[in-house]
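Chemist: Just dropping this structure here.
The values are calculated or read from the model by the stated rules, or taken from the named source; none is laboratory data. Owing to the predicted nature of the structure, the values given are computational and were not obtained by experimental measurement. Glycine gets a Cβ as well: all are built from the backbone with ideal geometry, and neighbour counts include every protein chain shown. Heavy atoms of the whole protein, side chains included, go into the accessibility calculation; ligands, DNA and RNA do not. Shrake-Rupley method; radii C 1.70, N 1.55, O 1.52, S 1.80 Å.
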Amino acid sequence: MMEASYQSVLNNGHLYGFIMPSPVTTTPPSADTLCAYVLREDGIHQFTFKASVPGAIDAWMEQVSGIYAHVTADDTLLFLIDLRESGTLPIAYTFQKARIWLKTLHVHPNVRLAMLHNDEVLISLITTFMDALRLGHLKTATFRRAQAQAAIDWLLQA
């Protein structure tokens with residue numbers, strides 16, 4: 001990535017300005033800066049999305065794959081997806097990656113997934129689409145920004 005700096009030149013008594021790029025080193029974002037993961041004491045896997053970018057989806061899928069590596073069909077997974085900081089995720093990319101990932105699974109445990117969001121209309125469309133997939137092992141619910149405790153309560157009623 002290049003950062004621009006302003007330079008000026010005096011030419012025949014006129015001041016001209018131009019932008020000259022200067023090199024800047026940047027560090028690519030880590031998985032935690034895109035999607036933070038915490039296994040809470042109550043057994044809830046909490047994912048807090050920090051940015052609405054494909055890399056955040058990739059980080060989340062990697063974390064979920066690690067969780068699925070240790071479950072059986074008799075387990076119940078509790079997922080809290082917090083979209084309050086990131087906003088709605090890239091929908092097409094998310095479903096494309098999820099569809100591919102689902103085909104790789106050998107085990108389909110029961111999953112309760114609660115989404116915390118900023119009162120976004122797209123979230124209800126996403127939930128409708130997920131329900132249309134008719135994944136019998138997946139139950140979803142959405143909760144508005146201030147309903148974090150309600151989301152946790154819903155997850156724990158499993």
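Chemist: Can you work out the PRE-style zone for LEU156? Point 7 Å along Cα to Cβ, and I want the residues of the stretch 48-65 with backbone N under 11 Å.
Modeler: So the set is empty, nothing qualifies.
Chemist: Same structure, new question: Would you rank VAL64, VAL107 by solvent-accessible area, highest first, keeping every protein chain in place and using a 1.4 Å probe?
Modeler: My answer, sorted largest first, is VAL107, VAL64.
Chemist: Also, I was wondering about something else. Once the whole set of protein chains is in place, how much accessible area is left on GLU62, using a 1.4 Å probe, in Å² to the nearest 10?
Modeler: That residue has around 140 Å² of solvent-accessible surface.
Chemist: Ignoring ligands and nucleic acids, what accessible area does PHE95 show with a 1.4 Å probe (Å², nearest 10)?
Modeler: Roughly 40 Å² of PHE95 is accessible to a 1.4 Å probe.
Chemist: Moving on to the next point. How much accessible surface area, in Å² rounded to 10, belongs to the heavy atoms of ILE67 with a 1.4 Å probe?
Modeler: Accessible surface of ILE67 is approximately 20 Å².
Chemist: Which net charge results for the neighbourhood of LEU155, defined as the other residues with beta-carbon distances under 12 angstrom from its beta-carbon, given Lys and Arg at +1 and Asp and Glu at -1?
Modeler: +1
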